[in-house]
1. Residue check, S284 against (1) within 14 Å of the ligand (Cβ to nearest atom); (2) within 20 Å of the chain's Cα centre (by Cα); (3) small (G, A, S), all met but one. Which one?
2. Among the listed residues T292, T339, which satisfies the condition of being among the hydroxyl-bearing types (S, T, Y) and either in contact with a Leu (Cβ under 7 Å, 6 or more places away or on another chain) or assigned to a strand (DSSP E or B) (or both)?
3. Residues to consider are F330, F323; find the one that is in a helix (DSSP H, G or I), under 28 Å from the mean Cα position of the chain (by Cα) and over 30 Å from K437 (Cα atoms).
4. Do we have any residue at all in the range 245-260 that's under 18 Å from R164 (Cα atoms) and within 16 Å of the ligand (Cβ to nearest atom)?
5. Please work out which one of (1) within 16 Å of the ligand (Cβ to nearest atom); (2) more than 29 Å from H288 (Cβ to Cβ) is the condition E220 fails and give its number.
6. Kindly indicate the residue of the range 26-60 that is among the hydroxyl-bearing types (S, T, Y) and either more than 11 Å from the ligand (Cβ to nearest atom) or crowded, with 24+ Cβ neighbours inside 10 Å (or both) and also farthest from the chain's Cα centre (by Cα) among those meeting that condition.
7. Looking at the range 310-324, which of its residues are surrounded by fewer than 19 Cβ atoms within 10 Å (Cβ to Cβ) and among the hydrophobic types (A, V, I, L, M, F, W, C)?
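The values are calculated or read from the model by the stated rules, or taken from the named source; none is laboratory data. All of these numbers come straight from a predicted model, not from anything done at the bench. So basically every Cβ, Gly included, is an ideal-geometry build from the backbone, and we count neighbours across all protein chains shown.
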Amino acid sequence: MEKKSFYITTPIYYVNDIPHIGHAYTTIACDVMSRYMRMKGCDVRFLTGTDEHGQKVQAAAEAKGMTPQELVDKIHVNFRELWKVLNISNDDFIRTTEDRHIRAVQAMFKKLMDQGDIYKGNYEGWYCVPCETYVPESGMGSNRTCPDCGRPLITMKEESYFFRASKYVPQLIAHYEKNLQGVMPRIRYNEIMSFLRGEVRDQSVSRTTLKWGIPIPGDEKHVVYVWFDALINYATAVGYLDSPEMFQKYWPAVRHMVGKDIIRFHCVIWPLMLLALGVNVPVSVIAHGWWTVDGEKMSKSKGNVVDPFKMAELYGADAFRYFLLREVPFGNDGDFSETALAGRINSDLANDLGNLLNRTLQMIVNYSDGVVPDGNIGGASGDPLDLELRASGESAVALVDQAMTTFSYDEALKQIWGFIARGNKYIDETMPWKLNKEGQTERLRSVLHTLYEVLRLSALLVAPYIPESAEKIWRQLGCAGTPLSERLDDFRWGGGAGTRVDKAEVLFPRIDLEQWKKDRAPQAKEEQQVVEHEAEIDIGGFRAVEMRVAQVVRVEEIPRSKKLYKLEVDLGYERRTICSGIKNFFKPEELEGRRIVMVTNLKPTKLCGVESNGMILAASAGEGESERVALIVPDAEIPLGSRVH
Ligand code: ME8
């Protein structure tokens with residue numbers, strides 16, 4: 001029988017952001033669903049990727065003296081690395097700078113243009129000239145200023161292509177009226193319906209002010225607006241242009257998981273584009289809530305951005321995955337706290353699941369020589385307690401399935417943990433040690449076999465959530481293969497007799513909370529600052545950077561720049577001009593005459609019209625208003641031009 005297709009996507013993340021728990025959350029949720037649907041026997045396609053065009057990337061690349069392509073090639077790796085660390089099982093990773101995507105975007109654009117659904121007009125909006133970007137009314141600072149640089153915005157008008165979104169609105173409303181699962185959960189559905197019933201304007205889909213984007217075929221002074229470009233990734237990756245067969249297979253089964261911040265793009269603009277193209281709209285867009293941290297909005301300037309790499313390193317990927325999905329009802333906003341994470345590790349993972357495994361394996365070793373006995377656990381003549389436990393397992397499977405169809409991860413986990421708790425209670429009720437002492441061999445066999453089955457089923461149920469630990473449980477139970485390659489529907493209660501179990505190993509070590517508080521709490525704030533690591537280099541890579549001692553001779557303002565100074569520096573053997581972004585931290589007289597360290601072999605680059613020939617070294621901490629900068633200076637008299645190693 002042909003497998004049912006299931007195609008699930010994460011948003012493609014802005015590549016210039018450092019991955020944080022928000023990104024991890026969406027991706028973990030998709031991963032759990034993918035793993036679950038594979039275990040249900042579906043042909044799953046799971047896509048994630050990076051959104052790599054746009055003004056911010058262009059500006060960041062310029063600031064680093066790189067081409068935008070070089071920059072995105074380098075930094076998109078942050079996401080790939082994180083998905084490895086978090087055990088994400090995506091089948092594909094798309095980048096919007098890939099050729100397959102550029103061609104698909106251009107083909108869609110052309111088709112819509114040819115059929116008259118894209119037309120030329122004028123775009124008018126509030127624009128920040130230095131940042132070269134439009135700012136929506138909702139995102140402006142006070143007095144119409146740029147939220148990034150704080151400078152006044154101007155109105156700007158440019159030629160632009162427009163997508164005739166309004167034309168397809170009635171069709172989309174009719175679709176959603178018949179398909180209530182088109183937007184989940186219901187609160188977001190209602191939000192989208194009321195938006196659609198208001199005024200949906202035609203959408204500007206090109207820019208002439210931006211260079212780093214996909215050129216519009218036949219009119220190359222325009223590039224495709226980033227959102228129009230980005231949304232198409234979902235279709236590109238399953239062969240919209242290149243593989244009609246693949247597209248046919250997966251597209252009708254597509255689900256997009258997104259944060260609530262981007263539902264208009266996904267539930268309005270994208271389906272309108274698809275309707276215009278004559279392609280199915282997504283089966284569902286599932287919007288989840290927003291994470292704050294210790295009650296506050298996450299932001300780089302507050303330094304409270306939670307680094308998922310760090311969480312996985314400290315607590316393990318599985319514990320982090322479990323916590324994110326268990327802590328908050330999917331769809332609601334949530335507050336992340338490491339204290340709550342540590343608490344759940346101890347209670348749910350170490351106590352409930354860990355203890356059930358440990359106690360059971362230990363008893364099979366002690367009372368049955370490590371071999372699962374063949375007990376009478378399933379039949380009508382079975383003990384009522386055993387039968388009740390079996391029924392509780394069967395009902396957990398059904399309730400988990402129901403919860404998963406509505407993406408209610410926390411509910412599914414509650415059902416699974418309810419079953420695990422029932423297993424622990426069963427040990428206390430049956431007291432196998434007493435049965436052993438009293439020589440009640442028959443009963444003991446049934447009890448041990450029943451407990452083994454509770455664990456075998458639990459391993460399958462937890463596998464999508466905590467895949468690594470589930471595999472460990474599976475191995476300790478002496479089962480062949482991996483739980484993730486099993487089909488959930490094939491589970492039959494009463495199997496496993498005669499299997500030799502492995503040694504019990506601690507799955508989740510308990511955290512000593514007293515010690516943890518001493519170790520973690522004082523530095524929590526510092527630690528939570530994201531450290532952006534560069535890729536490892538060898539000594540040759542380091543030697544390639546030529547650094548020398550120099551002296552600042554003269555400091556001048558650059559009229560066009562708020563941040564830069566023009567410095568004249570003396571290296572002993574020559575004088576150079578350098579532009580340095582330290583204006584906000586030093587007065588000219590604090591710099592003139594100082595000895596500093598500089599990189600001397602950087603390629604010259606032009607900043608605000610001034611050619612810069614090197615870079616002075618400084619350390620910086622904090623962000624925004626609290627940013628501090630310290631110059632790196634030689635601590636003893638040493639000739640100008642001396643090399644720094
Ligand atoms: O919007 N809580 O990319 P992005 C929960 N490139 N989820 C969060 C979160 C938080 N605090 N912060 C981020 C973009 N997310 C576009 C998408 S798709 C065609 C283009 C998650 O890097 C959440 O899934 O800003 C949100 O929708 C996404 O990251 C935004 O990622």
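1. Every listed condition holds for S284 apart from (1).
2. Just a single option satisfies the conditions, and that option is T292.
3. F323
4. no
5. Unmet condition: (1).
6. Only one residue fits best here, namely Y36.
7. Residue satisfying the conditions is L314 alone.
Yes or no, residue by residue, for (1) modelled with pLDDT of 95 or more; (2) in contact with a strand residue (DSSP E or B) (Cβ under 7 Å, 6 or more places away or on another chain); (3) closer than 30 Å to L71 by Cα; (4) in the same structural domain as K120 (by TED's automatic domain parsing):
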site: Y168; (1), (2), (3), (4): yes, no, no, yes
site: K178; (1), (2), (3), (4): yes, no, no, yes
site: G182; (1), (2), (3), (4): yes, yes, no, yes
site: Y189; (1), (2), (3), (4): yes, yes, no, yes
site: I192; (1), (2), (3), (4): yes, yes, no, yes
site: R201; (1), (2), (3), (4): no, no, no, yes
site: S204; (1), (2), (3), (4): no, yes, yes, yes
site: T209; (1), (2), (3), (4): no, yes, yes, yes
site: P215; (1), (2), (3), (4): yes, yes, yes, yes
